[in-house]
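S.K.: Got a structure here, written out as C-alpha cells. Questions coming.
What follows draws every value from the coordinates through simple rules; no lab data is involved. Being a predicted model, the structure only gives us computed values, none of them experimental. When we count neighbours, we look across all protein chains shown, and the Cβ atoms used for this are built from the backbone with ideal geometry, even at glycine.
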Amino acid sequence: MIYVIGDIHGCLEPLRRLMAQLRLSEADEVVFLGDYIDRGPDSKGVIDYLLTLQGRYTFLMGNHERMFLDFLQGQQRPLFLYNGGTATLESYGGLRGIPATHLTFLDRQRPYYETQDYLFVHAGIRPAMPLQEQGESDLLWIREEFYAYPGRFPKTVVFGHTPMREVLMEDDRIGIDTACVYGNKLTCLILPSREVIQVSNPLDMHSRTTPITYGV
C-alpha cells in the first residue's frame, strides 16, 4: 500500500499523532507531498522527526521548501518571510541554528514521484503538457488551472498545496491538503483503497470541499 501525507507546515504534534495511527509494513510506501515548514510552531521539529523515519519514504518538494532554499541563497526574502518563514526561522533560533543535515534533506527533495497508477506532486501539473516538460513553477505552485481542469488526467494525481476543508476525492485527482496549520486536519490517504486517516488540530472548520485561500 501507499500512504500519502499532506501539508504539515510545522505542526509536529498532529504529525506525530497521525503517524502513530498508521500500521506500516516493510512493503508499504509513504509519500510526503511537501510543505513541511512555515507558519506552524515547530518547523525544525518536523524536519528533525522526518529525518528519524526509516523505511520506504519519499519526500517531495513543496513551494515553501523552495522559498526557504531561495531565501538562504539571498533570493525572494520578502516572499519567504511574509508567508510563514519568520516562524520557521524562530523555530531554529535564527539562521545559525539550521543544521547541515536539514539543508541536505531540503535540497534532495524530489519534484514529483510517479508509479504505474499514480502521480504524486505538491501542487499539480499543467494540463495537456507532457510530464517531462512540466516546469518546477507549475509543480510547486499551480492551483485552479489544475484542480478545476474540466478534462481528465491519464493517471490519478495526488496533490497538496491548495488547502481545503475536506479531501477533494475525484477519479483522476485527489487533494489532501486539509489545512492543518489553519486549525483543521492533517490527512493521510491510503492507496489503492482511498481510505483516509485524519487527525484534527484545534479550531476545526465547517466541513466543505472548497479551497481555503490563505497566502501561498
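S.K.: Go through region 114-122 residue by residue and turn each phi into a ³J(HN,Hα) via Karplus (6.51, -1.76, 1.60, θ = phi - 60°); whole Hz please, and just put x for glycine and proline.
M.R.: Computed from phi, the couplings for region 114-122 are 10, 10, 4, 10, 9, 10, 10, 7, 5 Hz.
S.K.: Show the residues, 5+ positions off or on another chain, whose built amide H is closer than 5 Å to the amide H of Thr187.
M.R.: HN-HN under 5 Å from Thr187: Gly6, Thr178.
S.K.: ³J(HN,Hα) across region 29-41 via Karplus (A = 6.51, B = -1.76, C = 1.60, θ = phi - 60°), whole Hz, x for Gly/Pro?
M.R.: Those phi angles translate into 10, 10, 10, 9, 8, x, 6, 7, 10, 6, 6, x, x Hz.
S.K.: Moving on. I'd like to compare 55-61, 194-200: which one has the highest average count of other Cβ atoms within 10 Å, and what's the full order after that?
M.R.: On the way: 55-61: 18.0, 194-200: 15.1.
Descending mean neighbour count gives 55-61, 194-200.
S.K.: Can you give the charge dipole size of the chain about its Cα centre, rounded to the nearest 20 debye, using +1 on the beta carbon of Lys and Arg and -1 on the beta carbon of Asp and Glu? Mind dumping the intermediate values first?
M.R.: Numbers: 20 positive and 27 negative charges, 59 e Å.
Using Cβ point charges on Lys, Arg, Asp and Glu, the chain gives about 280 debye.
S.K.: If you don't mind, another one. Which one, Met164, Leu106, Ile37, projects farthest toward the positive side of the charge dipole computed for the chain from Cβ point charges (K/R +1, D/E -1)?
M.R.: About the Cα centre, the residue reaching furthest to the positive side is Ile37.
S.K.: Continuing with the same structure: Looking at region 2-200, what % of its DSSP beta bridges pair antiparallel, to the nearest 5? Write down the numbers at each step before the final one.
M.R.: On the way: 15 of 31 bridges.
Close to 50 percent.
S.K.: Given R₀ = 30 Å, what would the calculated FRET efficiency be for Arg17 paired with Gln132, taking r from the Cβ atoms and rounding to 0.05? Don't skip to the end; give the middle numbers.
M.R.: Numbers: r = 38 Å, r/R0 = 1.27.
After rounding to 0.05, the efficiency reads 0.20.
S.K.: Find how many whole Å separate the alpha carbon centroid of region 22-60 from the alpha carbon centroid of region 100-170.
M.R.: 17
S.K.: In whole Hz, with x marking every Gly and Pro, tabulate ³J(HN,Hα) for region 160-177 from phi via Karplus 6.51 cos²θ - 1.76 cosθ + 1.60, θ = phi - 60°.
M.R.: x, 6, 8, x, 10, 6, 9, 4, 8, 10, 10, 4, 10, 7, 9, x, 10, 7
S.K.: So, counting K/R as plus one and D/E as minus one, what does the shell of residues with Cβ under 13 Å around Ile8 add up to?
M.R.: Details: positive: Arg16, Arg17, Arg39, Lys44, Lys185; negative: Asp7, Glu13, Asp35, Asp38, Asp42, Asp48, Glu65, Asp177.
Result for the local shell: -3.
S.K.: Of the listed peptides 117-130, 71-84, what is their order by residue-averaged count of other C-beta atoms within 10 Å, with the highest listed first? All intermediate terms of the calculation are to be shown ahead of the outcome.
M.R.: Details: 117-130: 19.1, 71-84: 14.8.
Descending mean neighbour count gives 117-130, 71-84.
S.K.: Tell me which of Phe153, Tyr182, Gly135 sits at the most positive position along the dipole axis of region 72-216, charges placed on C-beta atoms (Lys, Arg +1; Asp, Glu -1).
M.R.: Tyr182
S.K.: Quick one: of the DSSP bridges fully inside region 1-78, what percent are antiparallel, nearest 5? Intermediate results must be reported in sequence, preceding the final value.
M.R.: Details: 0 of 8 bridges.
Antiparallel bridges: around 0 percent, rounded to the nearest 5.
S.K.: Counting other beta carbons within 10 Å of each Cβ, put Ser137, Ser91, Ser193 in order, fewest first.
M.R.: On the way: Ser137 12, Ser91 22, Ser193 9.
Ascending number of Cβ neighbours within 10 Å: Ser193, Ser137, Ser91.
S.K.: Based on a Kirkwood Rh over C-alpha pairs, give the Stokes-Einstein translational diffusion coefficient of the chain at 4 °C and viscosity 1.567 mPa s in µm²/s. It would help to have the intermediate numbers written out before the result.
M.R.: On the way: Rh = 17.2 Å.
Using the Kirkwood radius from Cα pairs, D works out to 75 µm²/s.
S.K.: Something else now. Would you compute, from DSSP H runs of 4+ residues alone, the mean residue ellipticity of the chain at 222 nm, taking -39500 (n - 2.57) per run and dividing by the full residue count, rounded to the nearest 500? Working shown, then result.
M.R.: Details: 8 runs with 59 residues, N = 216.
Calculated mean residue ellipticity at 222 nm is -7000 deg cm²/dmol.
S.K.: Can you put Leu168, Leu95 in order of Cβ neighbours within 10 angstrom, beginning with the fewest? Before the final figure, lay out each step's value.
M.R.: Numbers: Leu168 18, Leu95 9.
With the sparsest Cβ surroundings first, the list reads Leu95, Leu168.
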